[in-house]
Amino acid sequence: MIRKAKVEDIPEIHKLINEFAEKGLLLPRSLSDLYENIRDFYILVIDGKVVGTSALHIIWEDLGEVRSVIVRDEYRGKGYGKKLVDTCLREAKFLGLKRVLALTYIPEYFKKLGFVEIDKRTLPFKVWSDCVKCPKFPDCGEIALLYYL
């Protein structure tokens, strides 16, 4: 089941994101950042356990970002990641966004979902305001992709 995250889910989301960050698959997130952005998050719950996450963060009037797309290893290959991304894309469409960004270390995954690679330098300054807070800035190595709604 995919549902909006609740405040009580934050410790599990934090643990999951940072486990994958340690593997170099995404950027780490602090607890304070997760609490501040709780409304962005969806979680995948199976047998009462949080096994996946995704988030849709609004950047500008026509642009959102899919963030923190994760599915635990033992649940991969079952289409859950696609469902998490699709949930974010449906919300983006409902909100009237025209484009959804993904910054990722795994661009091929997002390309399979219909995202197209772009040059990061073409992104609006609002995106960079998040980047400058990152411990890996300016050389995080993430690839930028866009999905056009």
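When you look at Y42, is it in a strand (DSSP E or B) and either modelled with pLDDT of 95 or more or among the acidic types (D, E) (or both), yes or no? Yes: the conditions hold for Y42.
Out of V85, V66, V100, one residue alone is within 17 Å of L146 (Cβ to Cβ), in contact with a Cys (Cβ under 6 Å, 6 or more places away or on another chain) and not charged (D, E, K, R). It is V66.
A search for C-beta distances below 7 Å between a residue of the stretch 21-48 that is surrounded by fewer than 16 Cβ atoms within 10 Å (Cβ to Cβ) and of a type in the set (G, A, S) and any residue that is assigned to a loop (DSSP other than H, G, I, E, B) and at pLDDT below 95, counting only pairs 6+ apart in sequence or on different chains, returns A21/L27; A21/P28; G24/Y105. Here the condition is being over 22 Å from I143 (Cβ atoms) and part of a loop (DSSP other than H, G, I, E, B); of K78, K83, it holds for K78 alone. When D33 is tested against (1) part of a helix (DSSP H, G or I); (2) of a type outside the set (K, R); (3) at pLDDT 95 or above, exactly one condition is not met: (3). Listed conditions (1) at pLDDT 95 or above; (2) in a loop (DSSP other than H, G, I, E, B); (3) farther than 28 Å from I46 by Cβ are all met by P135, apart from (1).
The values are calculated or read from the model by the stated rules, or taken from the named source; none is laboratory data. Because the structure is predicted, anything quoted here is derived from the model rather than measured. All Cβ positions, glycine included, derive from the backbone under ideal geometry; neighbour counts span all protein chains shown.
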